[in-house]
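Participant: Here you go, one structure.
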Amino acid sequence: MKAITIRPPWVHAITEPPLHRASGAGFPKRTENRGRPTTYRGEIAIHAGATWCKAGLADGRVQRYLHGTWVDAAAAGFLALGLTVGAVLAVADLVDCHQAAPVDAAGETCCFPWGEPWHAPGRPAFHLVLDNVRRFDEPVRTAGQLAVPWTLPADVEDAVRAQLRRAAS
């Protein structure tokens, strides 16, 4: 099975339900922003990287989704929320990958609100579009990789597929 490693807290906006069901909690993240495209389409394991992204901790979209409001990331204690890292948390379908396309002068893109226009200055982002996210009750521990996509080790794939079967029954 193919996999993608996504740094926390971005990965949790894909795999977790909002912690607070308040109005304005936002929508789950279904667009992953990357610096290069992939031709892969199909089932993909969603792996939570071990290193937290500081920009993600301060991002208003993540804050609104996970907390229902803007909060100070340090005061909110993102790291103390018990969000799992270093494990496969879910499986999704990677249904599309395209270069970011601006839709208005304000900088919104085709995959608003999670799609970014730029990966780095002068380098457009590529949007990896996810659908049908199936979250596990028990994360499957494994190390991640930088490649998109990478292949799960056979024993990890077996454990992931067992989680999928449990979730389906």
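The values are calculated or read from the model by the stated rules, or taken from the named source; none is laboratory data. From a predicted model like this one, the values you see are computed outputs, not experimental measurements. Don't worry about glycine lacking a Cβ; one is built from the backbone with ideal geometry, like all the others, and counts go over all protein chains shown.
Participant: Every residue in segment 86-111 that is over 20 Å from L152 (Cβ atoms), out of contact with any Pro (no Cβ under 9 Å at 6 or more places or on another chain) and small (G, A, S), please.
Facilitator: Matches in segment 86-111: A105, A106.
Participant: Take the residues in segment 110-119 that are touching a Gly at 6+ places or on another chain (Cβ under 8 Å) and part of a loop (DSSP other than H, G, I, E, B), then tell me which one is modelled with the highest pLDDT.
Facilitator: Checking each candidate, the answer is P117.
Participant: For segment 79-109, which residues satisfy the criterion of being over 16 Å from the mean Cα position of the chain (by Cα) and at pLDDT below 90?
Facilitator: Those that are over 16 Å from the mean Cα position of the chain (by Cα) and at pLDDT below 90: L79, A80, L81, G82, P102, V103, D104, A105, A106, G107, E108, T109.
Participant: Another question, if that's okay. What residue, of P121, P139, P149, is out of contact with any helix residue (DSSP H, G or I) (no Cβ under 8 Å at 6 or more places or on another chain) and within 18 Å of E16 (Cβ to Cβ)?
Facilitator: P139
Participant: Just to be sure I understand, how many residues within segment 126-168 are without any contact (Cβ under 8 Å) to a residue 60 or more places away in the chain, in a loop (DSSP other than H, G, I, E, B) and surrounded by 15 or more Cβ atoms within 10 Å (Cβ to Cβ)?
Facilitator: Total satisfying the criteria: 0.
Participant: Follow-up question, since we're still on this one. Just wondering, is there one or more residues in segment 51-71 that are over 20 Å from H127 (Cα atoms), surrounded by 14 or more Cβ atoms within 10 Å (Cβ to Cβ) and at pLDDT 90 or above?
Facilitator: no
Participant: A follow-up question, please. Across segment 104-125, what is the total count of residues that are surrounded by 14 or more Cβ atoms within 10 Å (Cβ to Cβ) and more than 18 Å from G56 (Cβ to Cβ)?
Facilitator: 2
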